[in-house]
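For reference, the structure is listed below as structure tokens.
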Amino acid sequence: MKVLIFEYITGGGCNSKELPESLASEGRMMVDALLANFAKLPDIKVVVMGFALETEFQQLVETVDAVWVIAPESNGILERFCRYVEQAGKHLLTSPAKAVALAANKLTTFQILHAAQIQTVPTAIFNPALPYDVTKEWIIKPIDGVGAENTYLLTSEKDWSALPAFKNPCIIQPHLYGDKTSLSCVFKNGQARLLCVNLQIFEIKNQRYALQTIEVNYKSDDGRYQKLASQIAQAFPDLFGYVGIDLIETDDACFVLEINPRLTTSFVGIEKALDLNVAELVLKLL
């Protein structure tokens, strides 16, 4: 089998502007970790797209059997590249475009989770014309943003008035204090297998969240995380392959914050922490 790995940020996605170093670093680490996984598998030839435009990506897809896309959900990027693979009739080693479209939209994700009675963070479209609600702290973020990118913490009316003008739709959520954990899973046909529970350490700088480090497999599952992953798989039955789930855990509740239908930074530490080859697991799902 010949597999193409395409990481959007370092593979030409930002060729028209300065490459964001944090995203570039994460992209390189994920590609390196994925290559290490594939290197241990027999009869697999891997091609990595180093720098290309979308037309070149489509041409290269025609020469391989399967494609692993690593790209941000924002602006429909991940969905678009997944669709190219599907249109070419090749094996997509990540979630299909239709699943990406649902999970990428944070309002849609909230609505699906809420309908499935899965505890999640209340989410609404941000309207800057509305008065500031002083009873809570608030988070403003792009409706399809990645990680903490362009996420603003509002603790006062002053923060509200200092917000920039957003070109694209944003959502507003109450700011919840608690452990920022994540689940690394593999999904197929409405079923999920929990791989590990991770702890994400953030710091707040100038009213912005910044990820500092991730502790992969920081605690064992007592059954509730696998149960939650299975509930999410049933609510999003088209998710496939590696999926990351971001949570906020307070003293008395666990809230689903986001579903990431792609590799996450936690993936980089899984092989070392668990002696587990995620690429092998995903290939076995085909």
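A few comments on the model shown:
- Per residue of the chain, the DSSP helices (runs of n ≥ 4 H) give a summed -39500 (n - 2.57) that works out to -8500 deg cm²/dmol at 222 nm.
- Going from the fewest other Cβ atoms within 10 Å to the most, the residues S95, S156 appear in the order S156, S95.
- Between L163 and D275, the simple label model (points 7 Å from Cα in the Cβ direction) yields a spacing of 5.0 nm.
- Rounded to 5, percent antiparallel among DSSP beta bridges of the chain: 75 percent
- Contour minus Cα-Cα distance for S220 and R28 (0.36 nm per residue): 66.3 nm
- Between the beta carbons of L285 and L107, assuming R0 = 35 Å, the FRET efficiency works out to 0.75 to the nearest 0.05.
- FRET efficiency, D252 to N206 (Cβ-Cβ, R0 30 Å, nearest 0.05): 0.45
- Least to most buried among V256, V46, V100 (fewest other Cβ within 10 Å first): V46, V256, V100
- Total charge dipole magnitude, the chain, about the Cα centre, Cβ charges on Lys, Arg, Asp, Glu only, Debye to nearest 20: 420 debye
- Packing rank of 160-166, 276-282, 81-87, where each peptide gets the mean count of other beta carbons within 10 Å, highest leading: 81-87, 276-282, 160-166
- Sorting K106, K158 by the number of Cβ atoms found within 10 Å of their own Cβ, with the fewest placed first, yields K158, K106.
- Cross-link reach is defined here as a Cα-Cα straight distance under 20 Å, omitting same-chain residues fewer than 8 places apart; for K90 the aspartates and glutamates meeting it are E7, D43, E54, E56, E62, D65, E79, D238, E280.
- Using C-alpha pairs under 8 Å with a sequence gap of at least 6, the mean separation divided by the residue count of the chain gives a relative contact order of 18 percent.
- For N260, residues with placed amide H under 5 Å, excluding near neighbours: G244, I245, D246
- Across the options L286, A101, P174, the greatest Cα extent toward the positive end of the charge dipole of the chain (unit charges at beta carbon of Lys, Arg, Asp, Glu) belongs to L286.
- Entries in K180/K284; K2/K227; K167/K205; K141/K272; K167/K188 that, when Cα-Cα distance is taken, lie over 26 Å: K180/K284; K2/K227; K141/K272; K167/K188
None of the figures in this text is laboratory data; all of them are computed from the coordinates on show. What you see is a predicted model, and the numbers here were worked out from it, not measured in a lab. Note that each Cβ is placed from the backbone with ideal geometry, even for glycine, and that neighbours are counted across all protein chains shown.
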